[in-house]
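> This is the structure I have questions about; it appears just below.
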Amino acid sequence: MYHLENSQQGEKYNTIFSKTTPAQRRRRNARSRWRSRALLGLYLFLMILPIYWLINMSLQTNSEILGSMTLWPQNLTFDNYIGIFTNSSWYMGYVNSMLYVAMNMFITICVALPAAYAFSRYRFIGDKHLFFWLLTNLMAPPAVFLLPYFQLYYSVGLFDTHIAVALAHCLFNIPLAIWILEGFMSSVPKEIDETAYIDGYSFPRFFIKIFIPMIRSGIGVTLFFLFMFSWVELLLARTLTATSAQPIGMIMTRTSTASGIDWGTLAAAGVLTIVPGILVVYFVRNHIAKGFALGRT
(Lines give C-alpha, C1' and ligand atoms only; values in the text may rest on other atoms or scores of the structure.)
Protein backbone atom coordinates (compact mmCIF):
# COMPACT_ATOMS: atom_id res chain seq x y z
CA MET A 1 0.00 0.00 0.00
CA TYR A 2 2.87 2.35 0.90
CA HIS A 3 4.67 1.73 -2.40
CA LEU A 4 1.40 2.12 -4.29
CA GLU A 5 0.69 5.52 -2.66
CA ASN A 6 4.25 6.67 -3.30
CA SER A 7 4.10 5.62 -6.94
CA GLN A 8 0.77 7.44 -7.34
CA GLN A 9 2.21 10.60 -5.80
CA GLY A 10 5.28 10.30 -8.00
CA GLU A 11 3.12 10.01 -11.10
CA LYS A 12 1.13 13.04 -9.93
CA TYR A 13 4.30 15.13 -9.49
CA ASN A 14 5.72 13.90 -12.78
CA THR A 15 2.48 14.91 -14.50
CA ILE A 16 2.64 18.39 -12.96
CA PHE A 17 6.34 18.70 -13.73
CA SER A 18 5.84 17.55 -17.32
CA LYS A 19 3.30 20.37 -17.84
CA THR A 20 5.99 23.03 -17.28
CA THR A 21 8.11 23.82 -20.28
CA PRO A 22 11.93 24.16 -20.06
CA ALA A 23 11.56 27.92 -20.53
CA GLN A 24 9.19 28.15 -17.55
CA ARG A 25 11.59 26.10 -15.39
CA ARG A 26 14.49 28.39 -16.37
CA ARG A 27 12.45 31.49 -15.49
CA ARG A 28 11.45 29.94 -12.18
CA ASN A 29 15.06 29.05 -11.35
CA ALA A 30 16.18 32.54 -12.35
CA ARG A 31 13.57 34.15 -10.08
CA SER A 32 14.70 31.89 -7.23
CA ARG A 33 18.35 32.87 -7.73
CA TRP A 34 17.53 36.59 -7.85
CA ARG A 35 15.40 36.27 -4.72
CA SER A 36 18.27 34.57 -2.88
CA ARG A 37 20.74 37.20 -4.07
CA ALA A 38 18.42 40.03 -3.02
CA LEU A 39 18.00 38.59 0.48
CA LEU A 40 21.75 38.06 0.77
CA GLY A 41 22.40 41.61 -0.42
CA LEU A 42 19.88 43.02 2.08
CA TYR A 43 21.48 41.00 4.89
CA LEU A 44 24.99 42.21 3.99
CA PHE A 45 23.73 45.81 3.72
CA LEU A 46 22.19 45.70 7.20
CA MET A 47 25.36 44.11 8.61
CA ILE A 48 27.82 46.51 6.99
CA LEU A 49 25.82 49.73 7.42
CA PRO A 50 26.63 50.28 11.15
CA ILE A 51 30.34 49.60 10.52
CA TYR A 52 30.40 52.00 7.57
CA TRP A 53 28.63 54.66 9.64
CA LEU A 54 31.16 54.22 12.45
CA ILE A 55 34.06 54.67 10.00
CA ASN A 56 32.26 57.65 8.47
CA MET A 57 31.91 59.33 11.88
CA SER A 58 35.55 58.61 12.78
CA LEU A 59 36.69 60.67 9.75
CA GLN A 60 34.54 63.71 10.62
CA THR A 61 34.86 66.56 13.07
CA ASN A 62 32.44 66.86 15.98
CA SER A 63 30.75 69.87 14.40
CA GLU A 64 30.11 67.92 11.20
CA ILE A 65 28.82 64.90 13.13
CA LEU A 66 26.43 67.03 15.15
CA GLY A 67 25.39 68.98 12.06
CA SER A 68 23.48 67.66 9.08
CA MET A 69 23.69 63.95 8.30
CA THR A 70 26.16 63.19 5.52
CA LEU A 71 26.78 59.87 3.78
CA TRP A 72 30.54 60.54 3.60
CA PRO A 73 32.93 63.02 5.27
CA GLN A 74 32.65 66.51 3.76
CA ASN A 75 35.82 67.65 5.53
CA LEU A 76 37.97 64.53 5.77
CA THR A 77 40.12 64.49 8.91
CA PHE A 78 42.38 61.95 10.62
CA ASP A 79 42.78 64.02 13.77
CA ASN A 80 40.67 61.56 15.77
CA TYR A 81 43.06 58.69 14.97
CA ILE A 82 46.14 60.87 15.45
CA GLY A 83 44.86 61.90 18.88
CA ILE A 84 44.52 58.24 19.91
CA PHE A 85 47.93 57.13 18.62
CA THR A 86 49.74 60.08 20.21
CA ASN A 87 48.04 59.90 23.61
CA SER A 88 49.47 57.19 25.88
CA SER A 89 46.30 57.05 27.97
CA TRP A 90 44.45 55.96 24.82
CA TYR A 91 46.81 53.53 23.10
CA MET A 92 47.80 51.91 26.40
CA GLY A 93 44.15 50.85 26.72
CA TYR A 94 44.59 48.72 23.60
CA VAL A 95 47.91 47.38 24.89
CA ASN A 96 46.35 46.46 28.24
CA SER A 97 43.41 44.71 26.58
CA MET A 98 45.68 42.74 24.26
CA LEU A 99 47.95 41.73 27.13
CA TYR A 100 45.28 40.25 29.36
CA VAL A 101 43.50 38.64 26.39
CA ALA A 102 46.76 36.95 25.30
CA MET A 103 47.45 35.82 28.88
CA ASN A 104 43.96 34.42 29.21
CA MET A 105 44.15 32.52 25.91
CA PHE A 106 47.55 31.01 26.82
CA ILE A 107 46.49 29.94 30.34
CA THR A 108 43.13 28.62 29.18
CA ILE A 109 44.47 26.53 26.30
CA CYS A 110 47.28 25.08 28.49
CA VAL A 111 44.73 23.96 31.10
CA ALA A 112 41.94 22.93 28.74
CA LEU A 113 43.98 20.69 26.42
CA PRO A 114 44.96 18.03 29.01
CA ALA A 115 41.61 18.33 30.78
CA ALA A 116 39.66 17.79 27.56
CA TYR A 117 41.92 14.85 26.69
CA ALA A 118 41.14 13.24 30.06
CA PHE A 119 37.38 13.68 29.54
CA SER A 120 37.58 12.22 26.03
CA ARG A 121 39.83 9.22 26.79
CA TYR A 122 39.18 8.10 30.38
CA ARG A 123 36.11 7.11 32.34
CA PHE A 124 35.97 7.75 36.08
CA ILE A 125 33.30 8.12 38.75
CA GLY A 126 31.29 11.29 38.21
CA ASP A 127 33.04 12.24 34.99
CA LYS A 128 29.82 13.27 33.22
CA HIS A 129 28.55 15.17 36.26
CA LEU A 130 31.88 16.98 36.57
CA PHE A 131 31.85 17.77 32.85
CA PHE A 132 28.42 19.41 32.99
CA TRP A 133 29.18 21.08 36.31
CA LEU A 134 31.99 22.94 34.54
CA LEU A 135 29.48 24.24 32.02
CA THR A 136 27.28 25.65 34.76
CA ASN A 137 29.92 28.35 35.31
CA LEU A 138 28.89 29.74 31.93
CA MET A 139 25.32 30.14 33.12
CA ALA A 140 26.25 32.60 35.87
CA PRO A 141 26.64 36.27 34.88
CA PRO A 142 30.09 37.80 35.53
CA ALA A 143 28.50 40.24 38.01
CA VAL A 144 28.01 37.35 40.46
CA PHE A 145 31.78 36.97 40.87
CA LEU A 146 32.65 40.67 41.06
CA LEU A 147 32.81 41.03 44.84
CA PRO A 148 34.73 37.76 45.55
CA TYR A 149 37.30 38.54 42.88
CA PHE A 150 37.69 42.16 43.99
CA GLN A 151 38.22 41.28 47.67
CA LEU A 152 40.51 38.34 46.89
CA TYR A 153 42.73 40.19 44.42
CA TYR A 154 42.92 43.27 46.64
CA SER A 155 44.07 41.08 49.56
CA VAL A 156 46.86 39.31 47.63
CA GLY A 157 48.02 42.37 45.69
CA LEU A 158 46.74 41.38 42.24
CA PHE A 159 44.31 44.27 41.91
CA ASP A 160 44.93 46.46 38.86
CA THR A 161 47.15 43.90 37.12
CA HIS A 162 46.77 42.17 33.75
CA ILE A 163 47.03 38.70 35.25
CA ALA A 164 44.08 39.46 37.55
CA VAL A 165 41.73 40.05 34.61
CA ALA A 166 43.18 37.09 32.70
CA LEU A 167 42.59 34.73 35.65
CA ALA A 168 39.08 36.07 36.20
CA HIS A 169 38.19 35.36 32.57
CA CYS A 170 39.56 31.81 32.96
CA LEU A 171 36.54 31.02 35.15
CA PHE A 172 34.35 31.26 32.05
CA ASN A 173 36.77 30.40 29.27
CA ILE A 174 38.26 27.16 30.63
CA PRO A 175 34.89 25.30 30.80
CA LEU A 176 34.01 26.56 27.34
CA ALA A 177 37.39 25.46 25.95
CA ILE A 178 37.12 22.02 27.56
CA TRP A 179 33.65 21.54 26.13
CA ILE A 180 34.72 22.49 22.59
CA LEU A 181 38.00 20.55 22.62
CA GLU A 182 36.44 17.42 24.11
CA GLY A 183 34.17 17.15 21.07
CA PHE A 184 37.11 17.34 18.67
CA MET A 185 39.26 14.91 20.69
CA SER A 186 36.48 12.34 20.93
CA SER A 187 36.33 12.26 17.13
CA VAL A 188 39.97 11.04 17.00
CA PRO A 189 40.06 7.19 17.20
CA LYS A 190 41.68 5.75 20.32
CA GLU A 191 43.62 3.32 18.13
CA ILE A 192 45.91 6.19 17.15
CA ASP A 193 46.95 6.60 20.80
CA GLU A 194 47.61 2.86 21.17
CA THR A 195 49.59 2.70 17.91
CA ALA A 196 51.78 5.61 19.00
CA TYR A 197 52.54 3.95 22.35
CA ILE A 198 53.42 0.67 20.60
CA ASP A 199 55.82 2.64 18.36
CA GLY A 200 57.58 3.90 21.47
CA TYR A 201 56.14 7.39 21.80
CA SER A 202 55.94 8.81 25.31
CA PHE A 203 52.71 10.62 26.22
CA PRO A 204 54.12 14.18 25.99
CA ARG A 205 55.78 13.42 22.63
CA PHE A 206 52.63 11.77 21.27
CA PHE A 207 50.39 14.57 22.56
CA ILE A 208 52.48 17.40 21.11
CA LYS A 209 53.71 15.88 17.83
CA ILE A 210 50.75 13.71 16.80
CA PHE A 211 47.58 14.51 18.72
CA ILE A 212 47.58 18.31 18.77
CA PRO A 213 48.16 18.64 14.98
CA MET A 214 45.15 16.36 14.44
CA ILE A 215 42.84 18.72 16.36
CA ARG A 216 44.34 22.02 15.19
CA SER A 217 40.98 23.07 13.71
CA GLY A 218 39.37 22.58 17.11
CA ILE A 219 42.14 24.61 18.74
CA GLY A 220 41.55 27.38 16.18
CA VAL A 221 37.83 27.46 16.96
CA THR A 222 38.54 27.43 20.69
CA LEU A 223 41.03 30.31 20.47
CA PHE A 224 38.50 32.28 18.44
CA PHE A 225 35.83 31.98 21.14
CA LEU A 226 38.34 32.68 23.93
CA PHE A 227 39.41 35.87 22.20
CA MET A 228 35.82 36.95 21.58
CA PHE A 229 34.76 36.58 25.22
CA SER A 230 37.86 38.12 26.78
CA TRP A 231 38.07 41.02 24.29
CA VAL A 232 34.47 42.21 24.69
CA GLU A 233 34.03 41.47 28.42
CA LEU A 234 34.01 44.77 30.29
CA LEU A 235 32.39 44.31 33.70
CA LEU A 236 35.15 42.25 35.33
CA ALA A 237 37.91 44.08 33.46
CA ARG A 238 36.82 47.54 34.64
CA THR A 239 36.13 46.43 38.23
CA LEU A 240 39.45 44.63 38.74
CA THR A 241 41.56 47.49 37.32
CA ALA A 242 42.08 51.12 38.27
CA THR A 243 44.84 52.83 36.30
CA SER A 244 47.68 50.50 35.25
CA ALA A 245 45.69 47.81 33.42
CA GLN A 246 42.52 49.56 32.31
CA PRO A 247 40.94 48.07 29.17
CA ILE A 248 40.12 50.14 26.11
CA GLY A 249 36.40 49.79 26.82
CA MET A 250 36.86 51.64 30.10
CA ILE A 251 39.00 54.36 28.54
CA MET A 252 36.36 54.98 25.86
CA THR A 253 34.00 56.23 28.58
CA ARG A 254 36.36 59.19 29.09
CA THR A 255 35.03 60.81 25.92
CA SER A 256 31.99 61.92 27.92
CA THR A 257 32.97 65.16 29.67
CA ALA A 258 31.22 68.23 31.06
CA SER A 259 31.54 69.93 27.66
CA GLY A 260 29.88 67.00 25.88
CA ILE A 261 30.85 63.80 24.16
CA ASP A 262 33.82 63.67 21.78
CA TRP A 263 31.96 61.71 19.10
CA GLY A 264 34.80 61.67 16.58
CA THR A 265 37.36 60.21 18.99
CA LEU A 266 34.81 57.74 20.30
CA ALA A 267 34.06 56.55 16.75
CA ALA A 268 37.77 56.25 15.91
CA ALA A 269 38.37 54.23 19.08
CA GLY A 270 35.45 51.99 18.11
CA VAL A 271 36.95 51.35 14.67
CA LEU A 272 40.32 50.46 16.21
CA THR A 273 38.55 48.11 18.64
CA ILE A 274 37.10 46.13 15.74
CA VAL A 275 40.46 45.72 13.97
CA PRO A 276 41.97 43.03 16.30
CA GLY A 277 38.84 40.89 15.91
CA ILE A 278 39.05 41.15 12.12
CA LEU A 279 42.73 40.13 12.19
CA VAL A 280 42.01 37.13 14.42
CA VAL A 281 39.19 35.94 12.16
CA TYR A 282 41.39 36.43 9.07
CA PHE A 283 44.30 34.35 10.37
CA VAL A 284 42.20 31.48 11.77
CA ARG A 285 39.42 31.56 9.16
CA ASN A 286 40.38 28.19 7.63
CA HIS A 287 40.49 26.48 11.03
CA ILE A 288 37.18 28.08 12.01
CA ALA A 289 35.49 26.84 8.83
CA LYS A 290 36.77 23.29 9.39
CA GLY A 291 35.96 23.46 13.06
CA PHE A 292 32.35 24.51 12.52
CA ALA A 293 31.98 21.70 9.98
CA LEU A 294 33.61 18.97 12.07
CA GLY A 295 33.24 19.92 15.72
CA ARG A 296 30.42 20.07 18.22
CA THR A 297 30.00 23.83 17.66
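> Hey, got the Cα dimensions of the stretch 152-297 along the principal axes, in Å, largest first?
Dimensions of the stretch 152-297 along the principal axes of its Cα atoms: 72, 39, 21 Å.
> Over the chain, what is the relative contact order in percent, taking alpha-carbon pairs closer than 8 angstrom and at least six residues apart?
Values: 251 pairs, mean separation 85.2, N = 297.
Worked out over the chain, it gives 29 percent.
> In the stretch 155-297, if the dipole is taken from +1 on Lys/Arg beta carbons and -1 on Asp/Glu beta carbons about the Cα centre, which of MET252, SER155, LEU226 is farthest to the positive end?
My answer, from the dipole projection, is MET252.
> Taking the structure as given and computing Kirkwood radius over Cα pairs in Å, which label from (1) 22.7; (2) 20.9; (3) 23.8 fits?
The value computed from this structure is option (3).
> What does the helix-only formula give at 222 nm for the chain: each DSSP H stretch with n ≥ 4 adding -39500 (n - 2.57), the total divided by the residues, and the result rounded to the nearest 500 deg cm²/dmol? Let's see the in-between values first.
Working: 15 runs with 217 residues, N = 297.
That calculation yields -23500 deg cm²/dmol at 222 nm.
> Is the C-alpha gyration tensor of the stretch 135-232 telling us rounded, prolate or oblate? Criteria: a/c under 1.5 is rounded; beyond that, a/b larger than b/c is prolate, otherwise oblate. Walk me through the numbers on the way to the answer.
Values: a/c = 3.04, a/b = 2.26, b/c = 1.34.
Prolate shape, in that a/c is at least 1.5 and a/b is the bigger ratio.
> Can you bin the stretch 71-171 into rounded, prolate or oblate? Criterion: square roots of the alpha carbon gyration tensor eigenvalues sorted a ≥ b ≥ c, rounded for a/c under 1.5, prolate for a/b above b/c, oblate for the rest.
Details: a/c = 2.77, a/b = 2.05, b/c = 1.35.
Prolate shape, in that a/c is at least 1.5 and a/b is the bigger ratio.
> Another question about this same structure. For the chain, what does the accessible surface come to per residue with a 1.4 Å probe? Please give it in Å².
Numbers: 18100 Å² over 297 residues.
Spelled out: the 1.4 Å probe surface of the chain, per residue, equals 61 Å².
> Here's a follow-up. Count charges around PRO142 for me, please; just the other residues with Cβ under 14 Å from its Cβ, Lys/Arg as +1, Asp/Glu as -1.
Numbers: positive: ARG238; negative: GLU233.
My count for the surroundings of PRO142 gives 0.
> Taking the Cα centre of the chain as origin and charging only Cβ (+1 Lys, Arg; -1 Asp, Glu), how large is the dipole, in debye to the nearest 20?
Values: 22 positive and 13 negative charges, 323 e Å.
In debye, rounded to 20, the chain gives about 1540.
> Can you bin the stretch 22-135 into rounded, prolate or oblate? Criterion: square roots of the alpha carbon gyration tensor eigenvalues sorted a ≥ b ≥ c, rounded for a/c under 1.5, prolate for a/b above b/c, oblate for the rest.
Numbers: a/c = 4.18, a/b = 1.19, b/c = 3.50.
Since a/c reaches 1.5 but b/c is at least a/b, the shape of the stretch 22-135 is classed as oblate.
> Determine the dipole magnitude for the stretch 165-297: charges of +1 sit on the beta-carbon of Lys and Arg, -1 on that of Asp and Glu, nothing else is charged, the reference point is the Cα centre, and the result goes in debye to the nearest 20. Walk me through the numbers on the way to the answer.
Values: 9 positive and 7 negative charges, 42 e Å.
Here the size comes out at about 200 debye.
> Taking 22 Å as R0, compute the FRET efficiency from the Cβ-Cβ separation of ARG33 and LEU54 and round it to 0.05.
Computed FRET efficiency for ARG33 and LEU54: 0.10.
> I've got another one for you. To the nearest 0.05, what FRET efficiency results for LEU146 and ILE261 with a Förster distance of 25 Å applied to their C-beta separation?
Numbers: r = 27 Å, r/R0 = 1.07.
The calculated FRET efficiency here is 0.40.
> Further question: How much net charge surrounds LEU130 when only other residues with a Cβ under 14 Å from its Cβ are counted (Lys, Arg +1; Asp, Glu -1)? All intermediate terms of the calculation are to be shown ahead of the outcome.
Details: positive: ARG123, LYS128; negative: ASP127, GLU182.
Around LEU130, the charge tally is 0.
The values are calculated or read from the model by the stated rules, or taken from the named source; none is laboratory data. Every value quoted in this text rests on a predicted model; they were computed, and no experiment measured them. Cβ: placed from backbone, ideal geometry, glycine included. Neighbour counts: every protein chain shown. Each accessible area value is taken on the protein alone, full model and side chains, heavy atoms only, with ligands, DNA and RNA left out. Shrake-Rupley method; radii C 1.70, N 1.55, O 1.52, S 1.80 Å.
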